[in-house]
Amino acid sequence: MYFALPAKQRGVALLTAMLAAALASVAAVEMTSRQQLDIRRMENISHRSQAFLYLQGAESWALGLLHKDAQDNETDATGEAWATVLPPMEVEGGVIAGKISDAQGLFNLNGMAVDGPEADLARERFGRLLKVLDLEPELAQPLIDWLDTDIDPRGTRGAEDDEYQRDDPAYRTANAPMSDVSELRLIRGFSDDVVRRLTPFVAALPKATELNINTAPPEVLRCLSDAITEADAEKLVSDRGEKGFKNLDEFVQHEALAGSGDQLQVAGFGLTSNYFRLDSETRIGRVRLRMQSLIERNEEGARVISRSRSTL
């Protein structure tokens, strides 16, 4: 026997059914959205892992190239195979590119970290580099305080622990060699603009090193003597060409240095390098990954001693 529900109850039942259907639809959409999000997240994780493996492959390429170069050449210059840019190359799922540069063609900030004649010479040259870049030479004072082991501020612009502990948050000077050029941002007086202008010409290598005059840019060559003008430095770079100077005498006796006289101290620079930098970048799917690797080369071969990654 069929019993009809009253009209009011039929309306409530209909509304309940519609509500249940709506909730089911919302739940289905939510589940589908979460599933798509999970799939995309897993895809990004997979692509990131794949991208990192490709960048490690670029490191292996650089290590092999630098090791072979050491066997084939007695000096390091910009015309050698290691200095060739690896153009964007297709790989499974995306592209990869890379470039090796000579880290010893830049001014090594850690050459100022220890006391002694070599450190004094490095500090003098750094002051010149600041002038060349139209920066205040006094910026060398807080930088040296950051690197040296004492707690005594240098000159009028020096800064030690008591200066930084007034900041919020407070911190202390490293009193040790830099591990990365980015540390400059922590030092008193080194604004974003100062760091931006200085970064292309400096490096933070694990120990004091010679400046490779065969790969140094004109701005860095000018730090060797006050007498080296912009035109002189450009002439040096032009005349050394891609093959570089064969020996130090050829460099010192170059006509562009004729006016340097005793100001050019034949110390702290050379024609070979032990430290190189690999800048590599890859795009896999939606993931773009960039890595900078510091490579040390010696008689036994080459190895990566530090790396930093960033997502673009």
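Just so you know, all these numbers are worked out from the coordinates, no wet-lab data involved. All of these numbers come straight from a predicted model, not from anything done at the bench. As a convention, Cβ positions derive from the backbone with ideal geometry for all residues, glycine included, and neighbour counts pool all protein chains shown.
Helix screen, the chain: DSSP H segments with Cα axial length of 15 Å or more and mean Kyte-Doolittle hydropathy at least -1.0 are 7-72, 117-132.
FRET efficiency for the pair residue 171 and residue 303, taken as 1/(1 + (r/R0)^6) with r the Cβ-Cβ distance and R0 = 35 Å, rounds to 0.65. For segment 105-160, the relative contact order works out to 28 percent when only alpha carbon pairs closer than 8 Å and six or more residues apart are counted. Residues 293, 101, 238, ranked from the fewest to the most other C-beta atoms within 10 Å, line up as 238, 101, 293. Excluding the site residues themselves, the longest part of the chain lacking any GluC sites (Glu not before Pro) in a DSSP loop with at most 13 other Cβ atoms within 10 Å is 93-241. A full extension of the chain between residue 265 and residue 195 corresponds to an added length of 22.4 nm, given 0.36 nm per residue minus the alpha carbon distance. In terms of Cα atoms, the Rg and Dmax of segment 159-240 work out to 16.5, 51 Å.
Of 213, 151, 187, the residue with the greatest mean-square motion in the GNM of the chain, using alpha carbon springs below 10 Å, is 151.
Over all Cα pairs of segment 83-229, how is the pair count split among 10 Å bins, expressed in % and running from 0 up to the last occupied bin? Per 10 Å bin, starting at 0, the Cα pair percentages come out as 11, 38, 30, 13, 7, 1.
Taking amide H as placed 1.01 Å from N in the peptide plane, the amide H of residue 165 sits under 5 Å from that of 171, each at least 5 places away or on another chain.
Computing Rg and the Kirkwood Rh from the Cα coordinates of segment 15-119 gives a ratio, Rg/Rh, of 1.39.
The trypsin sites (Lys or Arg not before Pro) of segment 201-269 that meet both conditions, a loop assignment by DSSP and at most 16 other Cβ atoms within 10 Å of the site Cβ, are 207, 243, 246.
Annotation: amide H-H contacts under 5 Å for residue 86 (H modelled 1.01 Å from N, sequence separation of 5 or more, or interchain): 98, 99, 100.
With a Förster radius of 51 Å applied to the C-beta separation of residue 229 and residue 45, the computed FRET efficiency comes to 0.40. Taking other residues whose beta carbon is less than 10 angstrom from the beta carbon of residue 99, and scoring Lys, Arg as +1 and Asp, Glu as -1, yields -1. For the chain, averaging the sequence separation of C-alpha pairs within contact (under 8 Å, six or more residues apart) and dividing by the residue count gives a relative contact order of 23 percent.
Mean residue ellipticity at 222 nm, helices only, the chain: -12500 deg cm²/dmol; runs of at least 4 DSSP H residues each add -39,500 (n - 2.57), and the sum is divided by the number of residues. Computed over Cα pairs, the Kirkwood radius of the chain leads via Stokes-Einstein (0.692 mPa s, 37 °C) to a diffusion coefficient of 141 µm² per second. Backbone geometry of segment 189-202 corresponds, through the Karplus equation with coefficients 6.51, -1.76 and 1.60 at θ = phi - 60°, to 3J(HN,Hα) couplings of x, 8, 6, 4, 5, 4, 5, 4, 6, 8, 3, x, 10, 10 Hz, x marking Gly and Pro. For residue 280, neighbours were defined as the other residues whose beta-carbon sits under 11 Å from its Cβ, and their charges (Lys and Arg +1, Asp and Glu -1) total +2. Going by neighbour counts of Cβ atoms within 10 Å, the residues 297, 166 line up, fewest first, as 166, 297.
For the chain, excluding the exposed loop sites themselves (chymotrypsin sites (Phe, Trp or Tyr not before Pro), DSSP loop, at most 13 other Cβ atoms within 10 Å), the longest remaining stretch covers 4-170.
Which length gain, in nm to one decimal place, applies between residue 239 and residue 131 when the Cα-Cα distance is subtracted from 0.36 nm times their residue separation? Show your work: numbers first, answer last.
Values: separation 108, 0.36 × 108 = 38.88 nm, distance 2.45 nm.
Working it through step by step, the gained length comes to 36.4 nm.
Here the residues 60, 225, ranked from fewest to most Cβ neighbours within 10 Å of their Cβ, fall in the order 60, 225. Structure remark: mean-square fluctuation, Gaussian network model of the chain, C-alpha springs under 10 Å; the largest value among 192, 167, 279 belongs to 167.
Each Cα pair under 8 Å and six or more residues apart adds its sequence gap; the mean of these over the residue count of segment 168-312 is a relative contact order of 16 percent.
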